[in-house]
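See below for the structure under consideration.
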Amino acid sequence: MSVESLSPVKVPVLRRPAALRHLGTPAALALVLGVLYLWVSAQELDSIEKRTLNRTYIVERVTEHLRLSFTAALLVVVIAVPAGILVTRPLLRRATPLVLVIANAGQAVPAIGLLVLLTIQLDVGFRTAVIGLVASAVLPVLRNTITGIEQVDRSLVETARGMGMRPLQVLLLVELKLAVPVILAGLRTALVFAVGTATIATFVNAGGLGDMIVNGIKLQRMPVLVTGSVLACAVAFLLDWLGSLAESLLKPRGL
């Protein structure tokens, strides 16, 4: 029996129904953004609104929002996946409840309260916002990494060991490979959570689409408020869609 027979790794090709299903989200987003553009274009914007609702300003805010979200998601993967792997090893399995409690604390604390506490220690800025986002989003990836590895059929693990595979090979070629769909599901959740939480990064001077939303509220400019809110939702749906594509492409065939 070969390793490939345990976990087929051929690159899957999206079948037609799956491809059509995956086209629904971008089509809906294009429709919503098109309607938003037509609605804003029909408004008589004053000078304050024109300073916000222009391509340069919007691109800068979206870029800042994506930078915050992707940086936080990358750090979450770097922290949560290795931590999840470690606590599934026999020597550290007893530490699982403690690690989950620590990760859960980051999500349980209100994000705005956490940012205020971090600001007292670290001052305002990008770094403070990213730390707050990581603390809020680490739990789904950590929990799914643990769950994904633990749900791998033990008979497959024992078979791989019986074939002479080393522990690292069993982990990389069997356990992690079969746990990928569950880990990616956790990453999708964390990424969407980070996009939503990033809207309050404006309170620590880290920019993002929160700037538009807060400006729309403070200045009572409905077009600015609606545009910022719709764009934040669109970014969240877009990243979730990209995550679903990655999940479909990386999922071992047959699962």
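Some values worked out for this structure:
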read-out: Matching residues in the range 175-190 - criterion: being closer than 17 Å to PRO90 by Cα and either at pLDDT below 90 or hydrophobic (A, V, I, L, M, F, W, C) (or both); value: LEU176
read-out: Residue match in the range 152-159 (condition: open to solvent by 50 Å² or more (accessible area, probe 1.4 Å) and under 23 Å from the mean Cα position of the chain (by Cα)); value: no
read-out: Close pairs (6 angstrom Cβ cut-off, 6 or more residues apart or separate chains): in contact (Cβ under 8 Å) with a residue 12 or more places away in the chain in the range 56-67, assigned to a helix (DSSP H, G or I) and of a type in the set (Phe, Trp, Tyr) anywhere; value: none
read-out: Selection count, the range 65-117, where residues are open to solvent by less than 50 Å² (accessible area, probe 1.4 Å), part of a helix (DSSP H, G or I), at pLDDT 90 or above and not hydrophobic (A, V, I, L, M, F, W, C); value: 4
read-out: Failed criterion for THR147 (all others in (1) crowded, with 22+ Cβ neighbours inside 10 Å; (2) part of a helix (DSSP H, G or I); (3) modelled with pLDDT of 90 or more hold); value: (1)
read-out: Residues within the range 219-247 that are open to solvent by 40 Å² or more (accessible area, probe 1.4 Å) and within 11 Å of VAL195 (Cβ to Cβ), tallied; value: 4
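The values are calculated or read from the model by the stated rules, or taken from the named source; none is laboratory data. All figures in this text were calculated on a predicted structure; none of them were measured in a lab. Cβ atoms come from the backbone with ideal geometry, glycine included; neighbour counts cover every protein chain shown. These accessible areas exclude ligands, DNA and RNA; they are computed on the full protein's heavy atoms, side chains included. Shrake-Rupley method; radii C 1.70, N 1.55, O 1.52, S 1.80 Å.
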